[in-house]
Amino acid sequence: MILSDNENKKNVKVLKRQNPDLSTSSIKNEDNYEKNIRPLNFDDYIGQSSIKETLKISIEACKKRNTHLDHLLFYGPPGLGKTTLANIIAHELNTNIRITSAPSIERPRDIIGILMQLKEGDVLFIDEIHRLNKIAEEILYPAMEDFSIDLTTGKNQSVKTMRIPIPKFTLIGATTKAGALSGPLRDRFGIIHRLEFYTTEELTKIVKRTAKILDFKLEDDGAEEIAKRSRCTPRIANRLIKRCADWAIVKADGVITKDIALDALRSLDIDNIGLDITDRDLLKLMINSFDGGPVGIETLAVALGEDIRTIEDVYEPFLIQKGLIARTPRGRKATKLAYEHLGFKTPSQNYQLDLFNK
Ligand code: ADE
(Lines give C-alpha, C1' and ligand atoms only; values in the text may rest on other atoms or scores of the structure.)
Protein backbone atom coordinates (compact mmCIF):
# COMPACT_ATOMS: atom_id res chain seq x y z
CA MET A 1 0.00 0.00 0.00
CA ILE A 2 1.39 3.41 -0.98
CA LEU A 3 0.93 6.07 1.63
CA SER A 4 1.44 9.72 1.02
CA ASP A 5 3.60 11.51 3.52
CA ASN A 6 0.96 14.13 4.14
CA GLU A 7 -1.66 11.56 4.99
CA ASN A 8 0.57 10.03 7.61
CA LYS A 9 1.77 13.26 9.15
CA LYS A 10 -1.83 14.37 9.64
CA ASN A 11 -2.28 11.75 12.35
CA VAL A 12 0.94 11.83 14.22
CA LYS A 13 3.17 14.25 16.06
CA VAL A 14 6.86 13.45 16.46
CA LEU A 15 8.78 14.72 19.42
CA LYS A 16 12.57 14.51 19.46
CA ARG A 17 13.22 13.82 23.11
CA GLN A 18 16.95 14.49 22.93
CA ASN A 19 16.22 18.12 22.21
CA PRO A 20 12.78 19.42 23.20
CA ASP A 21 13.19 22.38 20.83
CA LEU A 22 13.35 20.15 17.75
CA SER A 23 9.61 19.91 17.21
CA THR A 24 7.63 19.51 14.01
CA SER A 25 5.20 22.22 12.98
CA SER A 26 2.20 20.31 14.33
CA ILE A 27 3.75 20.37 17.78
CA LYS A 28 4.07 24.12 17.63
CA ASN A 29 0.29 24.31 17.60
CA GLU A 30 0.10 22.39 20.88
CA ASP A 31 -1.01 24.29 23.93
CA ASN A 32 2.29 25.86 24.87
CA TYR A 33 1.19 26.43 28.41
CA GLU A 34 0.87 22.72 29.24
CA LYS A 35 3.98 21.93 27.25
CA ASN A 36 6.17 24.43 29.08
CA ILE A 37 5.26 23.21 32.53
CA ARG A 38 5.22 19.50 31.76
CA PRO A 39 7.94 17.59 33.67
CA LEU A 40 10.46 15.95 31.37
CA ASN A 41 11.90 13.35 33.72
CA PHE A 42 10.90 11.19 36.67
CA ASP A 43 12.69 13.44 39.17
CA ASP A 44 10.45 16.38 38.26
CA TYR A 45 7.28 14.30 38.12
CA ILE A 46 5.32 14.56 41.35
CA GLY A 47 2.95 11.80 42.54
CA GLN A 48 2.09 8.31 41.19
CA SER A 49 5.14 7.14 43.12
CA SER A 50 4.63 3.39 42.86
CA ILE A 51 4.00 3.59 39.10
CA LYS A 52 7.13 5.69 38.76
CA GLU A 53 9.22 3.17 40.68
CA THR A 54 8.07 0.19 38.61
CA LEU A 55 8.55 2.10 35.38
CA LYS A 56 12.10 3.08 36.37
CA ILE A 57 12.93 -0.59 36.98
CA SER A 58 11.42 -1.69 33.65
CA ILE A 59 13.29 1.04 31.78
CA GLU A 60 16.59 0.24 33.45
CA ALA A 61 16.12 -3.47 32.78
CA CYS A 62 15.41 -2.94 29.12
CA LYS A 63 18.42 -0.64 28.79
CA LYS A 64 20.63 -3.33 30.38
CA ARG A 65 19.21 -5.96 28.05
CA ASN A 66 19.50 -3.56 25.14
CA THR A 67 15.94 -4.29 24.08
CA HIS A 68 12.69 -2.39 23.60
CA LEU A 69 10.28 -1.70 26.48
CA ASP A 70 7.11 -3.81 26.68
CA HIS A 71 3.91 -2.22 25.42
CA LEU A 72 2.29 -0.17 28.14
CA LEU A 73 -1.28 0.83 28.94
CA PHE A 74 -2.17 3.75 31.20
CA TYR A 75 -5.75 4.20 32.29
CA GLY A 76 -7.60 6.53 34.57
CA PRO A 77 -9.54 9.81 34.55
CA PRO A 78 -8.35 12.64 32.28
CA GLY A 79 -5.67 15.09 33.41
CA LEU A 80 -3.73 12.75 35.71
CA GLY A 81 -0.59 12.64 33.58
CA LYS A 82 -0.86 9.75 31.10
CA THR A 83 0.62 11.78 28.22
CA THR A 84 3.22 13.30 30.52
CA LEU A 85 4.38 9.85 31.65
CA ALA A 86 4.59 8.65 28.04
CA ASN A 87 6.81 11.65 27.22
CA ILE A 88 8.99 10.97 30.26
CA ILE A 89 9.38 7.30 29.31
CA ALA A 90 10.54 8.27 25.81
CA HIS A 91 12.90 10.80 27.34
CA GLU A 92 14.33 8.27 29.79
CA LEU A 93 14.74 5.75 26.96
CA ASN A 94 16.42 8.48 24.94
CA THR A 95 14.15 7.83 22.00
CA ASN A 96 11.53 9.58 19.87
CA ILE A 97 7.87 9.66 20.78
CA ARG A 98 5.17 9.72 18.13
CA ILE A 99 1.89 10.98 19.45
CA THR A 100 -1.53 10.30 17.98
CA SER A 101 -5.06 9.65 19.16
CA ALA A 102 -7.38 6.83 18.18
CA PRO A 103 -10.20 9.03 16.79
CA SER A 104 -7.76 10.48 14.22
CA ILE A 105 -6.93 7.00 12.93
CA GLU A 106 -9.85 6.53 10.57
CA ARG A 107 -8.66 4.35 7.70
CA PRO A 108 -6.33 1.31 7.59
CA ARG A 109 -3.77 3.43 5.72
CA ASP A 110 -3.65 5.85 8.69
CA ILE A 111 -2.42 3.24 11.17
CA ILE A 112 -0.26 1.48 8.56
CA GLY A 113 1.39 4.79 7.70
CA ILE A 114 2.12 5.53 11.35
CA LEU A 115 3.58 2.05 11.94
CA MET A 116 5.71 2.14 8.82
CA GLN A 117 7.30 5.44 9.82
CA LEU A 118 8.46 4.13 13.19
CA LYS A 119 12.15 3.76 13.89
CA GLU A 120 13.79 1.11 16.05
CA GLY A 121 13.00 1.72 19.72
CA ASP A 122 10.48 4.51 19.11
CA VAL A 123 7.58 5.08 21.47
CA LEU A 124 4.18 5.29 19.78
CA PHE A 125 1.62 6.97 22.02
CA ILE A 126 -2.04 6.42 21.15
CA ASP A 127 -4.40 8.46 23.27
CA GLU A 128 -8.04 7.39 23.79
CA ILE A 129 -7.04 3.95 22.56
CA HIS A 130 -10.47 2.53 23.50
CA ARG A 131 -11.81 4.48 20.51
CA LEU A 132 -9.67 2.66 17.98
CA ASN A 133 -11.77 1.11 15.21
CA LYS A 134 -11.81 -2.66 14.74
CA ILE A 135 -9.79 -2.69 11.52
CA ALA A 136 -7.02 -0.49 12.96
CA GLU A 137 -7.01 -2.67 16.07
CA GLU A 138 -6.54 -5.83 14.01
CA ILE A 139 -3.64 -4.22 12.14
CA LEU A 140 -2.07 -3.41 15.51
CA TYR A 141 -2.15 -7.02 16.78
CA PRO A 142 0.72 -8.42 14.64
CA ALA A 143 2.51 -5.06 14.90
CA MET A 144 2.51 -5.32 18.69
CA GLU A 145 3.19 -9.03 18.88
CA ASP A 146 5.58 -9.79 16.00
CA PHE A 147 6.57 -6.30 14.85
CA SER A 148 5.06 -6.89 11.43
CA ILE A 149 2.18 -5.65 9.31
CA ASP A 150 0.00 -7.87 7.16
CA LEU A 151 -0.77 -6.09 3.91
CA THR A 152 -3.35 -7.42 1.49
CA THR A 153 -3.32 -6.71 -2.22
CA GLY A 154 -5.65 -7.66 -5.06
CA LYS A 155 -9.31 -8.61 -4.99
CA ASN A 156 -11.45 -11.75 -4.68
CA GLN A 157 -9.53 -14.85 -5.87
CA SER A 158 -6.29 -12.97 -6.42
CA VAL A 159 -6.05 -11.64 -2.88
CA LYS A 160 -2.52 -11.90 -1.50
CA THR A 161 -1.22 -11.18 1.98
CA MET A 162 2.29 -9.92 2.54
CA ARG A 163 3.90 -9.79 5.95
CA ILE A 164 6.15 -6.75 6.25
CA PRO A 165 8.52 -6.38 9.18
CA ILE A 166 8.58 -3.09 11.05
CA PRO A 167 11.11 -1.82 13.63
CA LYS A 168 10.66 -2.90 17.24
CA PHE A 169 8.78 -0.17 19.05
CA THR A 170 6.87 0.40 22.29
CA LEU A 171 3.20 1.20 22.11
CA ILE A 172 1.89 3.30 24.97
CA GLY A 173 -1.89 3.36 25.02
CA ALA A 174 -3.88 5.74 27.18
CA THR A 175 -7.53 5.46 28.02
CA THR A 176 -10.11 6.81 30.41
CA LYS A 177 -12.04 3.57 29.98
CA ALA A 178 -9.99 0.41 30.37
CA GLY A 179 -13.22 -1.61 30.37
CA ALA A 180 -14.02 -0.46 26.85
CA LEU A 181 -10.83 -2.04 25.46
CA SER A 182 -11.29 -5.38 23.75
CA GLY A 183 -9.75 -8.37 25.57
CA PRO A 184 -7.28 -9.19 22.74
CA LEU A 185 -5.95 -5.62 22.69
CA ARG A 186 -5.67 -5.39 26.48
CA ASP A 187 -3.82 -8.74 26.56
CA ARG A 188 -1.11 -7.41 24.26
CA PHE A 189 0.06 -4.84 26.80
CA GLY A 190 2.85 -6.19 29.00
CA ILE A 191 2.54 -3.39 31.57
CA ILE A 192 -0.77 -1.93 32.73
CA HIS A 193 -1.07 0.93 35.21
CA ARG A 194 -4.06 2.76 36.63
CA LEU A 195 -3.27 6.37 37.44
CA GLU A 196 -4.61 7.50 40.79
CA PHE A 197 -6.07 10.83 41.85
CA TYR A 198 -3.50 13.13 43.51
CA THR A 199 -3.39 14.16 47.14
CA THR A 200 -3.63 17.82 48.19
CA GLU A 201 0.01 17.62 49.26
CA GLU A 202 1.13 16.44 45.82
CA LEU A 203 -0.98 19.07 44.06
CA THR A 204 0.44 21.78 46.32
CA LYS A 205 3.93 20.76 45.18
CA ILE A 206 2.77 20.76 41.55
CA VAL A 207 1.30 24.28 41.69
CA LYS A 208 4.43 25.54 43.45
CA ARG A 209 6.58 24.00 40.74
CA THR A 210 4.42 25.60 38.04
CA ALA A 211 4.54 28.98 39.79
CA LYS A 212 8.33 28.77 39.89
CA ILE A 213 8.59 27.96 36.17
CA LEU A 214 6.19 30.74 35.20
CA ASP A 215 7.48 33.25 37.72
CA PHE A 216 4.13 33.60 39.52
CA LYS A 217 4.32 34.94 43.06
CA LEU A 218 2.60 32.31 45.14
CA GLU A 219 2.29 32.08 48.92
CA ASP A 220 2.20 28.65 50.60
CA ASP A 221 -1.39 28.89 51.79
CA GLY A 222 -2.45 30.22 48.36
CA ALA A 223 -0.89 27.10 46.81
CA GLU A 224 -2.75 24.87 49.26
CA GLU A 225 -6.14 26.49 48.55
CA ILE A 226 -5.66 25.96 44.82
CA ALA A 227 -4.58 22.37 45.41
CA LYS A 228 -7.62 21.62 47.59
CA ARG A 229 -9.99 22.78 44.86
CA SER A 230 -8.32 21.08 41.90
CA ARG A 231 -10.42 17.89 41.74
CA CYS A 232 -7.29 15.88 42.70
CA THR A 233 -6.07 16.54 39.13
CA PRO A 234 -2.80 18.28 38.08
CA ARG A 235 -4.24 19.59 34.81
CA ILE A 236 -6.94 21.42 36.75
CA ALA A 237 -4.47 22.68 39.37
CA ASN A 238 -2.33 24.14 36.58
CA ARG A 239 -5.34 25.81 34.98
CA LEU A 240 -6.52 27.27 38.27
CA ILE A 241 -3.14 28.71 39.20
CA LYS A 242 -3.14 30.61 35.91
CA ARG A 243 -6.58 32.08 36.64
CA CYS A 244 -5.44 32.98 40.17
CA ALA A 245 -2.32 34.66 38.76
CA ASP A 246 -4.54 36.74 36.42
CA TRP A 247 -6.77 37.68 39.35
CA ALA A 248 -3.76 38.59 41.52
CA ILE A 249 -2.29 40.87 38.91
CA VAL A 250 -5.56 42.65 38.11
CA LYS A 251 -7.11 42.85 41.57
CA ALA A 252 -4.01 43.05 43.80
CA ASP A 253 -0.25 43.38 43.70
CA GLY A 254 0.40 40.19 41.74
CA VAL A 255 0.92 37.89 44.75
CA ILE A 256 -1.34 34.84 44.99
CA THR A 257 -2.20 34.83 48.67
CA LYS A 258 -4.81 32.58 50.27
CA ASP A 259 -7.44 35.35 50.06
CA ILE A 260 -6.66 36.11 46.42
CA ALA A 261 -6.88 32.41 45.56
CA LEU A 262 -10.21 32.14 47.37
CA ASP A 263 -11.63 35.23 45.60
CA ALA A 264 -10.46 34.04 42.19
CA LEU A 265 -11.86 30.54 42.72
CA ARG A 266 -15.16 31.94 43.98
CA SER A 267 -15.40 34.03 40.83
CA LEU A 268 -15.02 30.78 38.87
CA ASP A 269 -17.87 29.19 40.88
CA ILE A 270 -15.56 26.55 42.31
CA ASP A 271 -16.64 25.52 45.78
CA ASN A 272 -14.65 24.49 48.86
CA ILE A 273 -14.18 20.88 47.69
CA GLY A 274 -13.49 21.80 44.07
CA LEU A 275 -16.91 21.19 42.55
CA ASP A 276 -17.80 23.43 39.64
CA ILE A 277 -21.23 24.51 38.52
CA THR A 278 -21.78 21.43 36.33
CA ASP A 279 -20.89 19.06 39.19
CA ARG A 280 -23.38 20.81 41.44
CA ASP A 281 -26.05 20.94 38.69
CA LEU A 282 -25.61 17.21 38.19
CA LEU A 283 -26.05 16.46 41.89
CA LYS A 284 -28.99 18.87 42.23
CA LEU A 285 -30.67 17.28 39.22
CA MET A 286 -30.35 13.83 40.78
CA ILE A 287 -31.70 15.07 44.09
CA ASN A 288 -34.48 17.39 42.91
CA SER A 289 -35.74 15.62 39.82
CA PHE A 290 -35.01 11.97 40.55
CA ASP A 291 -35.30 11.73 44.35
CA GLY A 292 -31.56 11.11 44.53
CA GLY A 293 -31.70 8.24 42.02
CA PRO A 294 -30.99 5.63 40.90
CA VAL A 295 -31.10 7.32 37.53
CA GLY A 296 -29.55 6.25 34.21
CA ILE A 297 -26.60 8.13 32.74
CA GLU A 298 -28.51 8.73 29.47
CA THR A 299 -31.35 10.43 31.33
CA LEU A 300 -28.90 12.61 33.26
CA ALA A 301 -27.06 13.56 30.08
CA VAL A 302 -30.25 14.62 28.30
CA ALA A 303 -31.54 16.57 31.30
CA LEU A 304 -28.20 18.36 31.75
CA GLY A 305 -27.59 18.91 28.05
CA GLU A 306 -24.16 17.28 28.40
CA ASP A 307 -22.50 14.53 26.43
CA ILE A 308 -22.71 11.09 28.12
CA ARG A 309 -18.97 10.59 27.60
CA THR A 310 -18.15 13.89 29.33
CA ILE A 311 -20.27 12.94 32.33
CA GLU A 312 -18.75 9.45 32.50
CA ASP A 313 -15.12 10.46 31.92
CA VAL A 314 -14.84 13.92 33.45
CA TYR A 315 -17.48 14.50 36.10
CA GLU A 316 -18.40 11.12 37.48
CA PRO A 317 -14.97 9.72 38.49
CA PHE A 318 -14.27 12.66 40.80
CA LEU A 319 -17.80 12.68 42.26
CA ILE A 320 -17.45 8.97 42.96
CA GLN A 321 -13.98 9.50 44.48
CA LYS A 322 -15.44 12.17 46.76
CA GLY A 323 -18.24 9.80 47.79
CA LEU A 324 -20.94 12.08 46.38
CA ILE A 325 -22.28 9.65 43.77
CA ALA A 326 -22.66 5.88 43.99
CA ARG A 327 -22.95 3.61 40.98
CA THR A 328 -25.61 0.91 41.32
CA PRO A 329 -26.81 -1.68 38.81
CA ARG A 330 -29.96 0.44 38.30
CA GLY A 331 -28.13 3.74 37.75
CA ARG A 332 -26.40 6.52 39.66
CA LYS A 333 -27.43 7.62 43.14
CA ALA A 334 -26.65 10.81 45.05
CA THR A 335 -25.21 9.84 48.44
CA LYS A 336 -26.05 11.29 51.85
CA LEU A 337 -22.82 13.28 51.57
CA ALA A 338 -24.09 14.91 48.36
CA TYR A 339 -27.29 16.02 50.13
CA GLU A 340 -25.25 17.40 53.01
CA HIS A 341 -22.70 19.15 50.81
CA LEU A 342 -25.43 20.97 48.89
CA GLY A 343 -27.37 21.78 52.05
CA PHE A 344 -30.37 19.55 51.31
CA LYS A 345 -32.15 17.46 53.88
CA THR A 346 -31.36 13.79 53.33
CA PRO A 347 -34.31 11.58 52.27
CA SER A 348 -34.48 9.97 55.74
CA GLN A 349 -34.64 13.42 57.36
CA ASN A 350 -37.51 14.33 55.01
CA TYR A 351 -39.33 11.15 55.97
CA GLN A 352 -39.08 11.95 59.66
CA LEU A 353 -40.23 15.48 59.06
CA ASP A 354 -43.30 14.24 57.18
CA LEU A 355 -44.17 11.94 60.05
CA PHE A 356 -44.00 14.76 62.54
CA ASN A 357 -45.98 17.09 60.30
CA LYS A 358 -48.90 14.68 60.06
N1 ADE B 1 2.43 19.02 35.93
C2 ADE B 1 1.40 18.25 35.59
N3 ADE B 1 1.48 17.07 36.20
C4 ADE B 1 2.60 17.07 36.95
C5 ADE B 1 3.22 16.15 37.83
N6 ADE B 1 2.67 14.95 38.06
N7 ADE B 1 4.35 16.50 38.43
C8 ADE B 1 4.87 17.71 38.21
N9 ADE B 1 4.33 18.63 37.41
C10 ADE B 1 3.20 18.32 36.78
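The values are calculated or read from the model by the stated rules, or taken from the named source; none is laboratory data. Quick caveat, the model's predicted, so the values are computed rather than measured. Note that each Cβ is placed from the backbone with ideal geometry, even for glycine, and that neighbours are counted across all protein chains shown. Note: areas computed on protein heavy atoms with side chains; ligands, DNA, RNA excluded. Shrake-Rupley method; radii C 1.70, N 1.55, O 1.52, S 1.80 Å.
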Gain in length, D221 to I164, computed as 0.36 nm per residue apart minus the alpha-carbon separation, to one decimal in nm?
14.7 nm
With a cut-off of 8 Å between alpha carbons and a minimum separation of six or more residues, what is the relative contact order of the chain in percent?
14
For the range 287-293, 3J(HN,Hα) per residue [Karplus equation, 6.51 cos²θ - 1.76 cosθ + 1.60, θ = phi - 60°, Hz, x = Gly/Pro]
6, 7, 9, 10, 6, x, x
From the alpha carbon gyration tensor of the range 265-324, can you work out the equivalent ellipsoid semi-axes (sqrt of 5 times each eigenvalue) and give them in Å, largest to smallest?
19, 12, 12
Whole-Hz Karplus couplings 3J(HN,Hα) for the range 260-277, θ = phi - 60° and coefficients 6.51, -1.76, 1.60, Gly and Pro as x, run 5, 4, 5, 4, 4, 5, 5, 5, 8, 6, 9, 8, 5, 10, x, 6, 9, 5
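So for the chain, what percent of the C-alpha to C-alpha distances run longer than 35 Å? Please list the in-between numbers first.
Working: 22843 of 63903 pairs.
The share of Cα pairs beyond 35 Å in the chain comes to 36 percent.
Given the alpha-carbon gyration tensor of the range 207-304, what are the semi-axes of its equivalent ellipsoid in whole angstrom, ordered largest first, with each equal to the square root of 5 times an eigenvalue?
33, 12, 10
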Taking R0 as 35 Å, what FRET efficiency do you get between I192 and K251 from their Cβ-Cβ distance, rounded to the nearest 0.05?
0.15
Let me check the size of the range 224-358 from its C-alpha atoms; what are the radius of gyration and Dmax in Å?
17.4, 59
For the range 184-197, what does the Karplus curve 6.51 cos²θ - 1.76 cosθ + 1.60, with θ = phi - 60°, yield as ³J(HN,Hα) per residue in whole Hz, taken in order and with x for Gly and Pro?
x, 6, 4, 5, 7, 8, x, 10, 10, 10, 9, 7, 9, 4
D_trans [Stokes-Einstein, Kirkwood Rh over alpha-carbon pairs] for the range 123-193, 37 °C, 0.692 mPa s, µm² s⁻¹
245
Principal axes of the range 165-212: Cα extent on each, largest first, Å:
47, 28, 14
Hey, any idea what % of the chain's accessible area is carbon plus sulfur with a 1.4 Å probe?
49
Amide proton proximity set for I256, modelled H, under 5 Å, gap of 5+:
K217, L218, E219
I172 long-range amide H proximity, modeled H, under 5 Å:
L72, L124, F125, I126
Principal axis box of the range 277-357, alpha-carbon based, largest edge first, Å
43, 25, 22
Under 10 Å, Cα contacts only: if you run a Gaussian network model on the chain, which one of P234, P347, P78 comes out with the highest mean-square fluctuation?
P347
Under the definition of Cα pairs under 8 Å and six or more residues apart, what whole-number percent is the relative contact order of the range 48-194?
34
DSSP beta bridges in the range 48-194: the antiparallel percent, rounded to 5, is 25
Taking amide H atoms as placed 1.01 Å from N in the peptide plane, list the residues 5 or more away in sequence, or in a different chain, whose amide H sits under 5 Å from that of I273.
none
How far apart, in nm, are two points set 7 Å out from the Cα along the Cα-to-Cβ line at S49 and at D146?
4.5
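Over the range 48-194, what lengths in whole Å, largest first, do the semi-axes of the equivalent ellipsoid take, defined as the square roots of 5 times the eigenvalues of the alpha-carbon gyration tensor?
Value: 27, 18, 12 Å, ordered largest first.
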